[in-house]
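In what follows, a structure is listed as structure tokens, so that the remarks can point back to it.
What follows is calculated from the coordinates using simple rules that are stated; it is not laboratory data. This is a predicted model, so every value here is computed, not measured. All Cβ positions, glycine included, derive from the backbone under ideal geometry; neighbour counts span all protein chains shown.
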Amino acid sequence: MSNVEPQSTSPVTWRDLVERTLPIAMLCLALIAVPVLVLEPAGLPRLRGLEKELDDVTAENADSYREVERLRAEVRELRDDPAAVERIARGELGMVRKSEVVFQFGK
């Protein structure tokens, strides 16, 4: 006779069942939920839209920065150069000096 005793089978408890099935259930849930959450309208498509909006706003900010720099240069020129002031007074405001004579011709 051999000295090997047969193993006894114990009944499956709820704890054993949960310990075995919970990781598999979580994995299955993750395999289904992650693609759904990524592809829904508030997921990846929204991320792409926000990235495009960020690029647009960044480009608009760069344009505004260039415009501000241009205007600052114009202000410096007007502050430091009397000829620039005269050019704007004549061109945009239609002003003339007291010693000049203006001739207007009809069409």
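A few notes on this one:
- Segment VAL96-LEU78, extension gain: residue separation times 0.36 nm, minus the distance between their alpha carbons: 4.7 nm
- Extension gain for LEU47 to ASP63 (0.36 nm times residue separation, less C-alpha to C-alpha distance): 3.3 nm.
- Approximate spin-label separation ALA89-GLU40, in nm, with each point projected 7 Å along Cα-to-Cβ: 6.8 nm
- Calculated FRET efficiency for the pair CYS28/LEU54, C-beta based, R₀ 41 Å, to 0.05: 0.70
- Alpha carbon Rg of the chain, scaled by the compact-globule rule 2.2 N^0.38 Å: 3.10
- J(HN,Hα) series, the range 77-94, from Karplus relation 6.51 cos²θ - 1.76 cosθ + 1.60, nearest Hz, glycine and proline x: 5, 5, 6, 9, 10, x, 5, 5, 5, 5, 4, 6, 4, 6, x, 8, 9, x
- Here the spin labels are modelled as points 7 Å beyond Cα on the Cα-Cβ line, and at TRP14 and LEU71 they lie 7.1 nm apart.
- Along the range 11-28 the Karplus relation, 6.51 cos²θ - 1.76 cosθ + 1.60 evaluated at θ = phi - 60°, assigns HN-Hα couplings of x, 6, 9, 4, 4, 4, 4, 5, 4, 7, 8, 4, x, 5, 5, 5, 5, 4 Hz to successive residues, with x for each Gly and Pro.
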